[in-house]
């Protein structure tokens, strides 16, 4: 989900970071989600940056700032209808952030995205819609906003550089077998019940790759 | 022309001259000046050709400035300023006013008036002296008074002494209200009605009693009638249309019942009164200078003559440190006794540019401090450090030699003497605390643990393997955390401190290891749980406490494999001075090849800048009662001297921007 990127916007001074969303969906539509942001590959740079007050015109948050923001977001997440069991953790040694929660229905995930953008005051037309039909069709629809690509191209070269090597990974797990996946880059696990989609973050931002995916379950 | 621009133009003009001698303006510096600076322009132009300088960015900048001011110039030297004699600046203060004075020699006063003071209102003071006053565009700006005759331009920047006009007796003498923001605010909240403001309207006439004669401690007598009408009453006729007012505010009282506007207007009227008074005093001061021209000069003082070096391009002299402190911050230092100051007497500073740029200064140490300072710095740098330093590889070294035991023994009493007055009303408590500190502390033991001398060496950037965690997935897409290594550049520095107490180090490190704050590597330890982006290693070996960021270097040190090669020059510098430092610019430039610079342009710019610079050195030495400082920036061989190098650097920097 894109809200992982928003939360960690201030930490994007490191390259080769990984954004992961891992969602487990049960037949009744409920499930759990784990979101992770791994900046470990740039921990040296990040540790240096966090000793500074600002860098390249961006204010550097302290560890307390980051923890406070995450805690606030977790609190907001808990208040979203259908969301429960929110937990979060930050590893400042390896620079890994993790948030997990449960949801009562797949459609409740849509409220999470909206909440994150509101929390970080991001006016984005990039929308994600999650749905699960009675016929067993799980959809994640991603509406790309061209403004995001334009904004990215306006960044200074040194700011754009931090996205090089960064990857986005989504994993959807089901309690039934997967019969069909729409996205060309998506792969089905050997168990037949999990689907993974990986894409470079730059391609997602610029719209070169759309992460919409439709998964038909048996 | 604004004042800063004026000084820039003058400063550049001074650098364009054919040497010829005239009247020495140093004779105009009064004996009670706080300090003086000499700009030795004849010497400057022995070192650089006039044409070379005129073609440089600085020289061309002058022409551009004059063009912007609408002054047509046939050449750079057409402003009437004599460029073949030295210029001076000095500072003077009284209890009411501070003067910063510039003395510029003139070759042609008519030409100067028609260029630098073109369009200005010029007053004739008589006796061949003329004056113009540069008033600020807004109430809180600074006024500058220019007075000249046929040979000298005197520029005086007056500034009120802190708090002088806050005295109610002084304020009432000049019709200054000194109404504060909080006065207005509290009155407004107490009495919000419009009628309540009528008492705070502008005064039509000077209804405040003012003295017939105004006297300040400089001894200048000024009649109240000499003050401009508008500044006396506060009812300003000054055209405020250019003032930076917010919309809706103005000088009239009770503007829409806006008490803040009223406060602002009164405050600015007060400021203009003060400014006018300062201007009158400045003129009076200049007249006093003329009247007392033969009654002594700073140039007659031995310390002044001792301070100035004819080979220097700039020289500075401070008459007395106590006077300097009192000038800079009288509210604080005015309460300190003479024994509180570490330095005494005059300070001397000279800047040379014959080949390298060299700046030297020296100060005398006050009597109460001589013996303690001598004890505190009676040590030399440990020679053993030198085997761990490689002069060819370092970017910088800084070394210092002090005696920890002596410092701890002497400092409490010195602090009490120096800062006791600042701790008022707790001087006695401060004394008790410092005495208790002395009683409880075992200075000798601390002196054994850290003797007081040390060296910091910056070796540059080193590529190290840094661990990181990468996510991978198994065949069912369950996450797997994979620990890997990647190459990162980390700063490579080494800190060495002399220490005789190995047992203490062992005890503390053993404890820290059990608590998990240190990891034991056998002969050295690694610091854990830090926020630093690099690892830190500690070792106590051969009477030295080592702190390093490099694992390989630390291993070499504890196993006596490290082979340093220290240049004789660096060795001498560290051994012969109380503190010394070297910055090897060429090696820094080499590190840029390794550094992860974002753009090629930035890389090239930094390489060109660093490639034009030589090493920099700094040293401090205590010789009995005297403390000497020296800073040297070595000039690369392709430049004849430091001035050519400086011009070249400025030209390149301006081009690159």
Report summary line: Scanning segment B:485-531 residue by residue, the ones that are more than 28 Å from residue B:397 (Cα to Cα), touching a helix residue (DSSP H, G or I) at 6+ places or on another chain (Cβ under 9 Å) and modelled with pLDDT of 90 or more total 4
Requested in this report: Give the residue that is farthest from the other protein chains (Cβ to nearest Cβ), with candidates limited to residues of segment A:199-218 that are farther than 30 Å from residue A:157 by Cα and crowded, with 18+ Cβ neighbours inside 10 Å.
Outcome: A:217
Report summary line: Residue hits (segment A:90-103; in contact with a helix residue (DSSP H, G or I) (Cβ under 9 Å, 6 or more places away or on another chain), within 14 Å of chain B (Cβ to nearest Cβ) and assigned to a strand (DSSP E or B)) are A:90, A:91, A:96, A:97
Query raised in the report: Taking segment B:540-588 on its own, how many of its residues are surrounded by 15 or more Cβ atoms within 10 Å (Cβ to Cβ) and part of a strand (DSSP E or B)?
Result: 12
Query raised in the report: Looking at (1) within 14 Å of chain B (Cβ to nearest Cβ); (2) at pLDDT 90 or above, can you tell me which one residue A:78 breaks?
Result: (1)
Requested in this report: Looking only at segment A:46-62, count how many residues are within 14 Å of chain B (Cβ to nearest Cβ) and out of contact with any strand residue (DSSP E or B) (no Cβ under 8 Å at 6 or more places or on another chain).
Outcome: 11
Query raised in the report: What is the residue count in segment A:163-198 for residues that are surrounded by fewer than 17 Cβ atoms within 10 Å (Cβ to Cβ) and over 21 Å from the mean Cα position of the chain (by Cα)?
Result: 8
Requested in this report: Of the conditions (1) assigned to a helix (DSSP H, G or I); (2) at pLDDT 80 or above; (3) more than 9 Å from chain B (Cβ to nearest Cβ), residue A:19 clears all except one; give me its number.
Outcome: (1)
Query raised in the report: Taking residue B:490, is it within 14 Å of chain A (Cβ to nearest Cβ) and under 18 Å from residue B:555 (Cα atoms)?
Result: yes
Query raised in the report: Does residue A:165 qualify as being at pLDDT below 95 and within 14 Å of chain B (Cβ to nearest Cβ)?
Result: yes
**Report entry** Only one of B:58, B:83, B:66 that is modelled with pLDDT under 85, in the same structural domain as residue B:320 (by TED's automatic domain parsing), crowded, with 17+ Cβ neighbours inside 10 Å and not in a helix (DSSP H, G or I)
**Finding:** B:83
Report task. Could you grab me the full set of residues in segment B:363-380 that are surrounded by fewer than 20 Cβ atoms within 10 Å (Cβ to Cβ) and within 16 Å of residue B:580 (Cβ to Cβ)? Result -> B:379, B:380
Query raised in the report: Name the residues in segment A:22-43 that are surrounded by 23 or more Cβ atoms within 10 Å (Cβ to Cβ) and either facing chain B (nearest Cβ under 10 Å) or out of contact with any helix residue (DSSP H, G or I) (no Cβ under 9 Å at 6 or more places or on another chain) (or both), would you?
Result: A:38, A:39, A:40, A:41, A:42, A:43
Report task. Sort out which residues of segment B:433-448 are under 30 Å from residue B:582 (Cα atoms) and either within 14 Å of another protein chain (Cβ to nearest Cβ) or surrounded by fewer than 19 Cβ atoms within 10 Å (Cβ to Cβ) (or both), and write them in order of number. Result -> B:446, B:448
Report task. Report whether or not residue A:160 is touching a helix residue (DSSP H, G or I) at 6+ places or on another chain (Cβ under 8 Å) and either surrounded by fewer than 16 Cβ atoms within 10 Å (Cβ to Cβ) or within 12 Å of another protein chain (Cβ to nearest Cβ) (or both). Result -> yes
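The values are calculated or read from the model by the stated rules, or taken from the named source; none is laboratory data. The model shown is predicted, which means the values in this text are computed figures rather than measured ones. Note: ideal-geometry Cβ built from the backbone for every residue, glycine included; neighbour counts use all protein chains shown.
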